[in-house]
1. Order 33-40, 186-193, 72-79 from most to least packed using the mean count of other Cβ atoms within 10 Å.
2. Any of Lys65/Lys111; Lys70/Lys162; Lys116/Lys173; Lys70/Lys173; Lys116/Lys162 with alpha carbons more than 19 Å apart? Name them for me.
Amino acid sequence: MKSILTIAGSVFFVACLYAQPTKTITNKDSYSWMFGASWVLTDDDGEAFNPFLVQNLHSHFYPSKVFVDKYIYNGWSAECVLAYSAYNPDKITNGRDSISGSMFSMDFHSKYSFHKLLNRGPVDPFAIGGMGLSMRNNNDELARPVSLTLNIGIGINFWISKHIGIQLCSTAKVGVIDFFKSSDYIQHSIGIVARFEDLKSEDNDFTKSRYKIDKKRKKIKHVKKKKKKDDS
């Protein structure tokens with residue numbers, strides 16, 4: 001866990017350095033909203049130095065994670081994540097087996113995308129950091145039923161088209177109260193993301209000034225004809 005946090009922390013620090021606003025980088029060509037649905041793999045086996053033991057990853061049906069991302073400025077965005085995971089009693093949880101139940105998490109992250117630094121394209125790596133709340137409903141007495149977590153992670157989007165992509169993400173979550181203890185876990189996810197831009201009305205000939213109608217009221221003068229007098 002410590003090694004993963006060190007690597008993720010370094011990436012996030014570099015992202016902060018590159019993300020300072022400049023005159024040459026603008027908000028142009030960025031998305032406005034991003035939505036995603038993913039399949040979650042939870043590593044809660046207590047093995048800090050083996051974060052990718054496939055045999056100990058807990059999973060659930062798809063989608064077990066949904067999120068919404070709002071773009072802010074210059075590569076930065078804010079996201080809200082909801083995730084659900086079910087414990088498999090045949091797999092290891094905090095060094096023991098026979099742990100069953102479920103876990104629900106809600107997280108709020110700030111995210112920085114390296115997409116602009118790579119001159120855009122299909123590859124879109126990013127780093128995230130923030131806070132979360134994890135609620136366990138299982139028979140694991142070592143971990144807290146409700147724990148506030150400090151989150152940090154890295155991920156990458158592979159854009160298949162302008163709007164649709166595939167996302168891979170790994171997030172390390174450390175308990176704030178019981179720091180580096182049994183409430184810590186890592187959440188991996190793979191899923192589909194969709195981004196949307198603001199719709200802007202296109203200019204057409206009817207919006208040009210030459211077609212504007214003068215709305216000022218004009219007074220119409222009625223001219224009365226004078227009657228000719230008969231010659232006496």
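A short reminder: the numbers here are calculations on the coordinates, not readings from a lab. On a predicted model such as this, the values are computed, not experimentally measured, just so you know. Neighbour counts are summed over all protein chains in view; Cβ atoms, including those assigned to glycine, are modelled from backbone coordinates with ideal geometry.
1. 186-193, 33-40, 72-79
2. Where the Cα-Cα span goes over 19 Å, the pairs concerned are Lys116/Lys173; Lys70/Lys173.
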